[in-house]
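Encoded as structure tokens, the structure appears first; notes follow it.
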Amino acid sequence: MEKVLKINNQKDLNKFYNRLFLYRSFLYNFVTFKLEKDKYDINDLILALNIKNRRKRLEFIYDTACQEIDDYFANKNVCDFKNNKCRLQRKLKSDKINGCCRKCRFECGGPCPTKNLACKLFYCSEVKSKYKIIKIEDLKIIKVLFWRQKILIKSDFFSSREEVIRDLYLNSYIIGVIRIGYRFIKKLFRGGVK
Ligand code: SF4
Ligand code: SF4
């Protein structure tokens, strides 16, 4: 079955956002959404709704959100590393290296080997003072998630892409927080946090 969405003004758009909780539910498992025209640049949301496998939909949402942030910061030397020290470490004359990634088990002295959306949101005061950063609310694709998943995704630092997607898949705020805490404690015992 096909459902054609006519979104021609702000009122239609708000109605669409308000109905997202229904469109992403099992009730629409056999419905393919189509946009009459993409006036508000929401085609990625339609693509996400048309992925009926829950895990694959989450992967698409996560990767699309990461890509949007990467594209926005492309060619910007955001952390401005010099001699392995980021702009904040140089400003604070810190003896530490490798920026905030030094606290993470994925830190490798080079580009991040995984894809972590919370890290990409740049909560760092020094970065925020130099650049207009993207907030989670700016990412339209995130609207397809449940509110619990939105809170989790912006708190899930130092986790791999697969771990974050698993946290989102479980769709429980309490279980997500327990899993994030467990990973953090595991890192402490392995000496991953300095
Ligand atoms: S986000 Fe801030 S603390 Fe982290 S590496 Fe960049 S400048 Fe340094
Ligand atoms: S997950 Fe975050 S903190 Fe860890 S290496 Fe990647 S960007 Fe750095």
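Between Val164, Val144, Val127, the distinction of being touching an Asp or Glu at 6+ places or on another chain (Cβ under 6 Å) and either at pLDDT 90 or above or surrounded by fewer than 14 Cβ atoms within 10 Å (Cβ to Cβ) (or both) belongs to Val164 only. Taking Ser160, is it among the small types (Gly, Ala, Ser), more than 14 Å from ligand 1 (Cβ to nearest atom) and touching a residue at least 40 places away in the same chain (Cβ under 8 Å)? Judged against the criteria, Ser160 is a match.
Identify, from the list Ala48, Ala65, the residue that is of a type in the set (Gly, Ala, Ser), within 16 Å of ligand 2 (Cβ to nearest atom) and touching a residue at least 12 places away in the same chain (Cβ under 8 Å). I'd like the intermediate steps shown before the answer.
On the way: Ala48 fails: within 16 Å of ligand 2 (Cβ to nearest atom).
Of the residues listed, the single one that is of a type in the set (Gly, Ala, Ser), within 16 Å of ligand 2 (Cβ to nearest atom) and touching a residue at least 12 places away in the same chain (Cβ under 8 Å) is Ala65.
May I ask you to say which residue of Lys56, Lys52 is modelled with pLDDT of 95 or more, assigned to a loop (DSSP other than H, G, I, E, B) and under 30 Å from Leu170 (Cα atoms)? Explain how you work it out, then say what you get.
On the way: Lys56 fails: assigned to a loop (DSSP other than H, G, I, E, B).
Checking each option against the conditions leaves just Lys52.
Report whether or not Lys103 is modelled with pLDDT under 90, within 16 Å of ligand 1 (Cβ to nearest atom) and outside the structural domain of Phe73 (by TED's automatic domain parsing). Criteria not met by Lys103. Only residues that are free of Cβ contacts under 8 Å to residues at least 12 places away in the same chain and assigned to a helix (DSSP H, G or I) were counted across region 74-100, and they come to 2. Scanning region 117-135 for residues that are near ligand 1 (Cβ under 9 Å from one of its atoms) and in a loop (DSSP other than H, G, I, E, B), we see that the one that is nearest to Ala74 (Cα to Cα) is Phe122.
Go through region 24-37 residue by residue and tally those that are surrounded by 13 or more Cβ atoms within 10 Å (Cβ to Cβ) and free of Cβ contacts under 8 Å to residues at least 40 places away in the same chain.
Taking region 24-37 as the starting set, the residues that turn out to be surrounded by 13 or more Cβ atoms within 10 Å (Cβ to Cβ) are 24, 28, 31-33, 35.
So of that shortlist, the ones also free of Cβ contacts under 8 Å to residues at least 40 places away in the same chain come out as 28, 31-33, 35.
The number of residues fulfilling the criteria is 5.
Residues satisfying the criterion are absent from region 68-75 (criterion: hydroxyl-bearing (Ser, Thr, Tyr), touching a strand residue (DSSP E or B) at 6+ places or on another chain (Cβ under 9 Å) and over 14 Å from Leu145 (Cα atoms)).
Checked across region 9-18, the condition of being away from ligand 1 (no atom under 15 Å from the Cβ), in contact with a Lys or Arg (Cβ under 7 Å, 6 or more places away or on another chain) and of a type outside the set (Phe, Trp, Tyr) holds for at least one residue.
The values are calculated or read from the model by the stated rules, or taken from the named source; none is laboratory data. This is a predicted model, so every value here is computed, not measured. All Cβ positions, glycine included, derive from the backbone under ideal geometry; neighbour counts span all protein chains shown.
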